[in-house]
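**Student:** Please read through the structure below; I'll follow up with questions.
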Amino acid sequence: MPRALVLYVRWVDALNYRIGRAAMYLLFVLAGVLLWSIIAKAFFRPPLWTQEMAQFTMVGYFVLGGAYALQLGANVRMDLVYSRWSLRRQAMVDAVTVLTMIFFLGVVLFGGIESTLYALEVGERSRTVWRPYMAPIKIVICTGVFLMILQSVAFLIRDIAHLRGKDI
């Protein structure tokens, strides 16, 4: 395999590993927001922002950790016959299915970018009482989808390398 492709796979793996490990800590942020919500409702005036902030934090956790989950193989795979196939056949099927995933993620990213640009242009805000700006969470979503596309391309390169008899 060309050195540039090997470097790409290693770079994407390292990037998604670091971002995924950092995204794991968003669960602590989520717990803090929910804890504050509980305390504030019990002793003070209920805050308007905690429910939506918890939702935004959870979206960030899932989307930024998505590429890391793909990297670790933590995604759900229906394994009725897959495990019985040879590694070469698995790589062939994976190469085809990853193309489908890249197409799907590309469509999601395209729509996400359009929605983000709209949110930035008009200053879109949530329709809740708190009314936070929507652009930051949309940027996070687009970033996470882009990272999943990068990881999917790395999978495709790995599958092609395996089909050629070389592992990365």
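**Student:** Would you mind stating whether ILE113 is more than 26 Å from GLN51 (Cα to Cα), at pLDDT 95 or above and either of a type in the set (A, V, I, L, M, F, W, C) or surrounded by 13 or more Cβ atoms within 10 Å (Cβ to Cβ) (or both)?
**Tutor:** In short, no.
**Student:** Identify, please: which residue in the stretch 39-55 is more than 31 Å from the chain's Cα centre (by Cα) and not hydrophobic (A, V, I, L, M, F, W, C) and is, among those, surrounded by the most Cβ atoms within 10 Å (Cβ to Cβ)?
**Tutor:** Once the filter is applied, the top-ranked residue is LYS41.
**Student:** Output yes when any residue across the stretch 151-159 is of a type in the set (Asp, Glu) and without any contact (Cβ under 8 Å) to a residue 60 or more places away in the chain, and no when none is.
**Tutor:** no
**Student:** For the stretch 40-49, state whether one or more residues are of a type outside the set (A, V, I, L, M) and in contact (Cβ under 8 Å) with a residue 24 or more places away in the chain.
**Tutor:** Yes; the residues of the stretch 40-49 include at least one that is of a type outside the set (A, V, I, L, M) and in contact (Cβ under 8 Å) with a residue 24 or more places away in the chain.
**Student:** Related question: How many residues, within the stretch 114-168, are touching a strand residue (DSSP E or B) at 6+ places or on another chain (Cβ under 7 Å) and assigned to a helix (DSSP H, G or I)?
**Tutor:** Total satisfying the criteria: 0.
**Student:** Given the criteria of a type in the set (Phe, Trp, Tyr), under 18 Å from the mean Cα position of the chain (by Cα) and over 22 Å from MET134 (Cα atoms), does TYR8 qualify?
**Tutor:** no
**Student:** Output the number of residues of the stretch 14-33 satisfying the condition of being outside any helix (DSSP H, G or I) and either within 18 Å of ILE137 (Cβ to Cβ) or aromatic (Phe, Trp, Tyr) (or both).
**Tutor:** 1
**Student:** In addition: Residue pairs, Cβ under 6 Å, 6 or more apart or interchain, first in the stretch 15-29 and closer than 10 Å to THR57 by Cα, second aliphatic (A, V, I, L, M). List them.
**Tutor:** Taking only residues 6 or more apart or on different chains, the pairs are ALA23/LEU64.
**Student:** Spot the failing condition for LEU48; the list is (1) under 30 Å from LYS166 (Cβ atoms); (2) outside any helix (DSSP H, G or I), and only one is missed.
**Tutor:** Against the list (1) under 30 Å from LYS166 (Cβ atoms); (2) outside any helix (DSSP H, G or I), LEU48 comes up short only on (1).
**Student:** For the stretch 116-134, enumerate the residues that are crowded, with 17+ Cβ neighbours inside 10 Å and in contact with an Asp or Glu (Cβ under 7 Å, 6 or more places away or on another chain).
**Tutor:** MET134
**Student:** Please go through the stretch 68-82 and give me each residue that is surrounded by 10 or more Cβ atoms within 10 Å (Cβ to Cβ), assigned to a loop (DSSP other than H, G, I, E, B) and modelled with pLDDT of 75 or more, ordered by number.
**Tutor:** If the condition is that a residue be surrounded by 10 or more Cβ atoms within 10 Å (Cβ to Cβ), assigned to a loop (DSSP other than H, G, I, E, B) and modelled with pLDDT of 75 or more, then ALA74 is the only one that fits.
The values are calculated or read from the model by the stated rules, or taken from the named source; none is laboratory data. Just so we're clear, the structure is a prediction, and the values are computed from it rather than from any experiment. Every residue, glycine among them, receives a Cβ derived from its backbone with ideal geometry; neighbour counts consider all protein chains shown.
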